[in-house]
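Below is one structure, written out as structure tokens; the observations come after it.
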Amino acid sequence: MDAILLQILNGLDKGSAYALIALGLTLIFGTLGVVNFAHGAIFMIGAFCAVTLSRLLSLSHPSAEPTGTDFLGNPKFDDVLYVNEWFGETAGAFIIDWSVPLAILFAIPIMVAVGFIMERGLIKHFYKRPHADQILVTFGLAIVLQEVIKYFYGANPIPTPAPEVFRGSFDFGVLLGFEANAIIYPYWRMVYFAFALVLITAVFGFLQFTTFGMVVRAGMADRETVGLLGINIDKRFTIMFAIAACVAGLAGVMYTPINSPNYHMGMDFLVLSFVVVVVGGMGSLPGAVLAGFLLGILESFASMPVMTSLIPGINQIIIYLVAIVVLLTRPRGLMGRRGVMEE
Amino acid sequence: MLGLQAKDFRLLLIVVAMTMLAPFILNPFPVNSAMAQFNAGYPDLMQRFVIFGIFAIGFNILFGLTGYLSFGHAAFLGVGSYAGVWMLKLLTMNVVPAILLSVIVAGLFSVIVGYVSLRRSGIYFSILTLAFAQMSFALAYSVLTPLTNGETGLQLSLDDPRVLGVTQVDGTIPAPHLFGASMRASYDLVLGGWQFTFNVGYYLSAVVLVLAFYLAIRIFRSPFGLMLRAVKSNQQRMSYTGLNLKPYMLAAFVISGMYAGLAGGLMVAMDPLAGAERMQWTASGEVVLMTILGGAGTLIGPVLGAGFIKYFENIFSKINDTVLHQWFGFMPDGLEDVVVFIVHPFIGKGWHLTLGLLFMLVVIFLPGGLVQGGQKIGGLFRRKAPADDSATRKQPAE
Amino acid sequence: MGILEVKNVGKRFGGLKALDNVNLNVMENTVHAIIGPNGAGKSTLLNCLIGKLIPDTGSVMFDGQSVLGRKPHEINQMGISRVFQTPEIFGDLTVFENVMIPIFAKRDGAFRMHAIESVRRETDIVEAAEAMLADVKMLEKRDAHAGSLSRGDKRRLEMAMCLCQQPKLLLLDEPTAGMARADTNNTIDLLKEIKASRPITMCIIEHDMHVVFSLAERITVLAQGTPLVEDTPENIKGHPKVKEAYLGEAAH
């Protein structure tokens, strides 16, 4: 029982990331009708926003120390962090410690800009082109983005720790009446899960309760009719793309303490997120979220020692197997609508 | 000739000439000249040209004719490679059984993958093939380690049983051979400052490429090829014309999977090892790029695309900043540094960046690939060409 | 005995009765039209005939065999060809290739692996295709790109593709929808020619009364999912029930 609970918890953080990326993919697909292979790269750029901010915060400049001289009698220089200089030692230390959550603020304008430039500069020209072309051009873009990041940040993963307070683990087992240490769960993963829930709720709320969201939903259902109403749907779709980019980017920012970001994390997550979208049902937002969490949890179950000793490596292929089975038995996915991408 | 139209026969002759004379064509510069770095006439690289050419020709039969974009074709090449290495380990160092088994195993694997993936079309098909390829990669990388030797990759060893051959020759692993002719055997022809290398392995691959190309022409011009183009054009009309799409698609998928297996088998014959990274989706993406760059749906395009990409991969990877400074040395110092700085990210290890950009540029500006680009340029020079040749424009199959 | 017999066919979509107890009998070598106001169930009926939909009740027999549950290509191989509202042709291929494909399908069945033979060496196919193009006066356009044809020519080509299969039954789904008067008249003439030159059964689903009355030998009027009457054009013209159905629609 406790083992099962633990696996469910373990699956939540990966599931959250899948759900958030798949949500963005579905939004873009549903609104623009574009299959975006560069969406994983957006997730990766988000993660590197966090890396960049923590590097910016640790910028320093040498400053002469008034009291000391070195043994030659020259004035002694110390590296002084700009943050410390500006905000004082305590606040400076706090800001550096909290660089990952702060990176959210830093990332939002960047991700919106990335989404906007991508849509207006490239994707816009591919609405009328075949899906194969869309896949190919965004695939090329994904390679370019990933190589640019590799050029500037190197090929190795860059550890980006969570704030001090979240670095420990929480003993869930005691809370639920199990033995101590039966179910321990890192605080940051709880934060990530909560963050994902907030983000998902925000997106759904936005689509459900604002006029803007209503138009977008109508557009997803039937683009032509909405166009006939004289509503400039394209402009809204651009904004939707930026929002989707933002969601993926923030998912990336917050994921950095769980897995140190590297340049190919985007590709790794993209393939799985596509599988998630297909399993959830192309064009279904709740389907994407549901399938994201389901597959995340399933993957973590498959990684249990019991399972891996039974079928070695099952954790590596379980998602693909499930996807194949789902597509063969329910071709439209778990919650897919009829007529989406059928021709 | 050989059952081909004159036009196609000419094309075949061009490919024969290109492959057979490659050691000359690819080594235009004397060995000791500064331009020698642009020579590509050494066996290893020439083998890669033709092997990836075969891979791309096969991919084009699927993508170029039917429009179904598979993102997992590297899996078939990988599976073929593993099968080939096992044949060399267990049976004989003669490459014929290895290559045959590569083709057969890749064919069988593509029947399974194709049967499942072809239940859906369009983007679903692409994602399904991608999922299969990634799954194969994961299987090869970790799960099936006894068969694939996991991360390290499958290699020959000094104690392979080799039922029909010898385990060791003088304490070393014997080289793959074709009825006694070692794949590694080369003959160097020195003419003045030039040196041309004729390698057995290369010529075996080149002959196979010519045969593969000939078969592709026959398929393109056959009723079967016509049906595949009909699939691309209008599936609805096709089924209301009494044609069953599925077996046609599956046949095309398996044929192109077998081509990939053939390429994998040849790779192993040239260099007997197989690794999981051959199956990764970036590898699948590469063959897509080769096909598109050359011109999907055209006969010669994929061969050109494969050569183009492999050539520039080789050249770009060799260039470093020192070379760049040499090249741009004629410029004023400041400007030279700026130019080197700008070019730097794209060379050496930056080849993938160049590849990605190339991918985007081709899809955006030249969806018909090099062949179409060539025709456009040709059209500019031939002013008298009729303006309404829309049929030839849409089908640059020559 | 008709060549196409529809018996007691019913189809529901949720609470909506799209077809209710439809009986229809298309006699061999006649032109049979199915007319009716919008929403009368014409398209649903057609989709039941070609295997796109499976009715909840009843049977559809063609030439003594049931078509229900069969795939579109199987139904075509039984001898039913279909002309679409907007011409469905192979736009990327040449006119000549467009005509060759159905001839191959007729000769070789739903699938045949002939991957090595050259198309140009299939002399019987080439000759049949040339004859067919000559028949519909499109021989001079044989190497044109089908997608670049005018709409009228596309329609002509689609008919040719259907005819070269020598179908026992040709289904036409609003063949003149959205056409200008002149094009409509051309299509009528083409259909008349076809009818006159060979034994063929046609079943036309049509909205345009002008087309129906110029071609049909028998007419079935469908309203609210059930056939109101079935009769000759002369009798249909003055039939009170028909007037009511159409006036009912007009009064909306």
Determine if segment C:185-206 includes at least one residue that is within 23 Å of C:VAL99 (Cβ to Cβ), of a type in the set (Gly, Ala, Ser) and more than 14 Å from every other protein chain (Cβ to nearest Cβ).
yes
Verdict on C:ARG155 being more than 8 Å from chain B (Cβ to nearest Cβ), of a type in the set (Lys, Arg) and either in a helix (DSSP H, G or I) or in contact with a Phe, Trp or Tyr (Cβ under 9 Å, 6 or more places away or on another chain) (or both):
yes
Taking C:THR123 and the conditions (1) in contact with a helix residue (DSSP H, G or I) (Cβ under 9 Å, 6 or more places away or on another chain); (2) more than 9 Å from chain B (Cβ to nearest Cβ); (3) without any contact (Cβ under 8 Å) to a residue 12 or more places away in the chain; (4) β-branched (Val, Ile, Thr), which numbered condition does it fall short on, given that it satisfies the others?
(1)
Residues in segment B:103-138 that are outside any helix (DSSP H, G or I) and at the interface with chain A (Cβ under 7 Å from one of its Cβ atoms): how many?
2
Provide a single number: the residues in segment A:106-141 that are of a type in the set (Phe, Trp, Tyr) and more than 12 Å from chain B (Cβ to nearest Cβ).
3
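The rows are residues; the columns are (1) buried (at least 24 other Cβ atoms within 10 Å of the Cβ); (2) aliphatic (A, V, I, L, M); (3) within 14 Å of chain A (Cβ to nearest Cβ); (4) part of a loop (DSSP other than H, G, I, E, B).
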{"site": "B:PHE49", "(1), (2), (3), (4)": "yes, no, no, no"}
{"site": "B:ALA56", "(1), (2), (3), (4)": "yes, yes, no, no"}
{"site": "B:ASN60", "(1), (2), (3), (4)": "yes, no, yes, no"}
{"site": "B:GLY72", "(1), (2), (3), (4)": "yes, no, yes, yes"}
{"site": "B:VAL79", "(1), (2), (3), (4)": "yes, yes, no, no"}
{"site": "B:TYR82", "(1), (2), (3), (4)": "yes, no, no, no"}
Give the number of residues within segment A:154-199 that are at pLDDT 80 or above, surrounded by 16 or more Cβ atoms within 10 Å (Cβ to Cβ), assigned to a loop (DSSP other than H, G, I, E, B) and of a type in the set (A, V, I, L, M).
2
Can you name the number of the only condition in (1) within 11 Å of another protein chain (Cβ to nearest Cβ); (2) farther than 30 Å from B:LEU62 by Cα; (3) surrounded by fewer than 21 Cβ atoms within 10 Å (Cβ to Cβ) that C:LYS137 fails?
(1)
Looking at segment C:1-114, what strands (runs of 3 or more DSSP E) fall wholly within it and have at least 2 residues that are under 19 Å from the mean Cα position of the chain (by Cα) and surrounded by fewer than 20 Cβ atoms within 10 Å (Cβ to Cβ)?
C:16-26
State the number of residues belonging to segment C:72-99 that are more than 7 Å from every other protein chain (Cβ to nearest Cβ) and out of contact with any Phe, Trp or Tyr (no Cβ under 9 Å at 6 or more places or on another chain).
8
Tell me, yes or no, whether segment B:336-346 has at least one residue that is within 14 Å of chain A (Cβ to nearest Cβ), touching a Gly at 6+ places or on another chain (Cβ under 6 Å) and assigned to a helix (DSSP H, G or I).
no
Considering C:ILE101, C:ILE75, C:ILE35, which residue is among the β-branched types (Val, Ile, Thr), in the same structural domain as C:ASN235 (by TED's automatic domain parsing) and closer than 14 Å to B:LEU243 by Cβ?
C:ILE75
Just wondering, is there one or more residues in segment C:10-28 that are within 9 Å of chain B (Cβ to nearest Cβ) and touching a residue at least 12 places away in the same chain (Cβ under 8 Å)?
no
Where residues in segment B:84-102 are in a helix (DSSP H, G or I) and of a type outside the set (A, V, I, L, M), which of them is nearest to the chain's Cα centre (by Cα)?
B:SER102
What number of residues in segment B:237-257 are surrounded by 24 or more Cβ atoms within 10 Å (Cβ to Cβ) and more than 10 Å from every other protein chain (Cβ to nearest Cβ)?
3
Number of the condition not met by C:GLU174 [criteria: (1) over 30 Å from B:LEU4 (Cα atoms); (2) buried (at least 19 other Cβ atoms within 10 Å of the Cβ); (3) under 17 Å from the mean Cα position of the chain (by Cα); (4) not assigned by TED's automatic domain parsing to the domain that holds C:GLU5]:
(4)
Residues satisfying the stated conditions in segment A:110-153, i.e. assigned to a loop (DSSP other than H, G, I, E, B) and touching a residue at least 40 places away in the same chain (Cβ under 8 Å)
A:TYR127
Going by what's in this entry, would B:TYR42 be described as touching a helix residue (DSSP H, G or I) at 6+ places or on another chain (Cβ under 8 Å) and either within 14 Å of chain A (Cβ to nearest Cβ) or surrounded by 16 or more Cβ atoms within 10 Å (Cβ to Cβ) (or both)?
no
From C:ILE80, C:ILE54, C:ILE101, which residue is farther than 23 Å from B:ARG218 by Cβ and in contact (Cβ under 8 Å) with a residue 40 or more places away in the chain?
C:ILE80
Qualifying residues in segment C:106-124 (those that are β-branched (Val, Ile, Thr) and in contact with a Lys or Arg (Cβ under 7 Å, 6 or more places away or on another chain)) - the one farthest from B:ALA252 (Cα to Cα)
C:VAL119
Within segment C:31-62, tally of residues that are modelled with pLDDT under 85 and either of a type in the set (Gly, Ala, Ser) or within 16 Å of C:VAL242 (Cβ to Cβ) (or both):
8
What pairs come out if I take residues in segment A:35-48 that are within 16 Å of A:PHE106 (Cβ to Cβ) and pair them with residues that are among the hydroxyl-bearing types (Ser, Thr, Tyr) and surrounded by fewer than 24 Cβ atoms within 10 Å (Cβ to Cβ) whose C-beta lies under 7 Å away, six or more apart or interchain?
A:PHE48/A:TYR153
For segment B:20-37, enumerate the residues that are within 20 Å of B:VAL323 (Cα to Cα), modelled with pLDDT of 85 or more and surrounded by 15 or more Cβ atoms within 10 Å (Cβ to Cβ).
B:ASN27, B:PHE29, B:PRO30
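The values are calculated or read from the model by the stated rules, or taken from the named source; none is laboratory data. Bear in mind the structure is a predicted one, so any value in this text is a computation, not a measurement. Note that each Cβ is placed from the backbone with ideal geometry, even for glycine, and that neighbours are counted across all protein chains shown.
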